[in-house]
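For reference, the structure is listed below as structure tokens.
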Amino acid sequence: MSHKITLIPGDGIGPEVTQATVRILEASGVKFDWEPFQVGADAFSKYGEYIPKEALESIERTKVALKGPVTTPVGGGFSSINVALRQKFELYANFRPIRNLPHIPTRYPDVDLIIVRENTEGLYAGLEHEVVPGVVESLKIITEKASTRIAKFAFNYARKNQRKKIHAIHKANIMKLSDGLFLRCCRNVAKDYQEITYGEHIVDNTCMQLVMNPYQYDMLVMENLYGDIISDLCAAFVGGLGFVPSANLGDECAIFEAVHGSAPDIAGKNLANPTALLRSGLLMLRHLGENDASTQIRNALEKVYRHPEKLTRDVGGKSGTSEFAESVIEEMRNNSAAPATA
Ligand code: NAI
């Protein structure tokens, strides 16, 4: 059986890391039927639309997309493609596992944290306007429906995956109504999951606590903006943005993408590290039920990380994006005779 997947390579380093990821995923033997589409500024100059309607129809059909980073202009121009896709397909849960890869030196070994971020509202609802010249207003939307939905997602994941603890992250001491509602929804959901310890921490304290001792947390659930900031902070525990995968999940569709941006400073130079998008591809394989292939690639990836010279330059290696991909594929071939470890 072949999996139909919408493929959005993105721009900047997007096409390079996507090509490397696709090569590795295909080398696992899993069959894919990719439907590739351009989005963003490139798509606009060709088709007059930032997200061509054919791309949206493809996601509606395939229900699964693998996406590279897309450049978003700052302070003007078109609004974020990522935010638009998450809202259009109700991809309400942004799921980011934070785990170390062996042999990447970091300040904190053996981190194993899960961040669940509400993806559709909060300050990213996109409701901004100029009240009078010199005064702008940005609205933060928190609803009972979306807060309950994200809390249920987090607790269900915890129950299915034997996670022990969930902290809801908030600023309800200041935003008493909006973050207060978010917390009430989390508390209500928590009552149905007595086996999972539930806690609440204020977001600024959480940043300090994370840096002091990330091991005190297991899973964190929070609204959109806090999730955006804290997930990048946590990426630093495992080597930075080049390592962290993410999944945007809804009830119908799922989009898998790296956490990092389009890195215009290194685009087109075969320098980008494809690890984050590859790890997002591994989450996609699990979503598709291809657990053996996911494990096979993960084992090969971890083996490559034992050889510093095979790594990309951002982690002190000498390889380009394509050579790195080749090393992972070579490891998969070497390991294909050996049984995969879980
Ligand atoms: P960035 O993540 O593109 O770059 C930050 C730094 O990390 C740069 O020095 C870059 O070279 C490095 N870096 C990032 N990914 C790397 C990789 N895979 N391998 C090696 N080095 C890597 O963040 P920045 O500069 O804030 O954003 C650039 C553009 O990307 C902006 O237009 C932003 O809006 C967009 N962006 C898109 C995202 C998405 O599509 N999911 C997510 C974040 C930003």
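Each value in this text was obtained by applying a stated rule to the coordinates, not by laboratory testing. The structure displayed is predicted, hence computed values, not measured ones. Heads up, the Cβs are rebuilt from the backbone with ideal geometry, glycines too, and the neighbour counts pull from every protein chain shown.
The packing ranking, built from the mean of other Cβ atoms within 10 Å per residue, places the peptides 218-224, 193-199, 149-155 in the order 218-224, 149-155, 193-199, highest first. Between amide H atoms placed 1.01 Å from N, distances below 5 Å from G199 occur with I166, H167, A168, all of them 5 or more places distant or on a separate chain. According to the square roots a ≥ b ≥ c of the eigenvalues of the Cα gyration tensor, what is the shape class of region 1-111, taking rounded for a/c under 1.5, prolate for a/b larger than b/c otherwise, and oblate for the remainder? Since a/c reaches 1.5 but b/c is at least a/b, the shape of region 1-111 is classed as oblate.
Of the beta bridges in the chain, as assigned by DSSP with both residues counted there, near 40 percent are antiparallel.
Centre-to-centre, using Cα atoms only, region 106-175 and region 18-57 are separated by 28 Å. All distinct Cα pairs of the chain go into the 1/r average, and the inverse of that average, the Kirkwood radius, is 20.8 Å. Comparing L278, L301, L177 in a Gaussian network model of the chain where C-alpha atoms under 10 Å apart are linked, the largest mean-square fluctuation is found at L177. If you take all other residues with their beta carbon under 15 Å from the beta carbon of E121, and give Lys and Arg +1 and Asp and Glu -1, the sum is -1. Computed from backbone phi with θ = phi - 60° and the Karplus coefficients 6.51, -1.76 and 1.60, the 3J(HN,Hα) list for region 247-254 is 10, 9, 10, x, 6, 9, 10, 9 Hz; x is used for glycine and proline. For region 137-264, what does the alpha-carbon gyration tensor say about shape, rounded, prolate or oblate, given a ≥ b ≥ c as the root eigenvalues, a/c under 1.5 as rounded, and a/b over b/c as prolate? Rounded shape, in that the Cα axes give a/c under 1.5.
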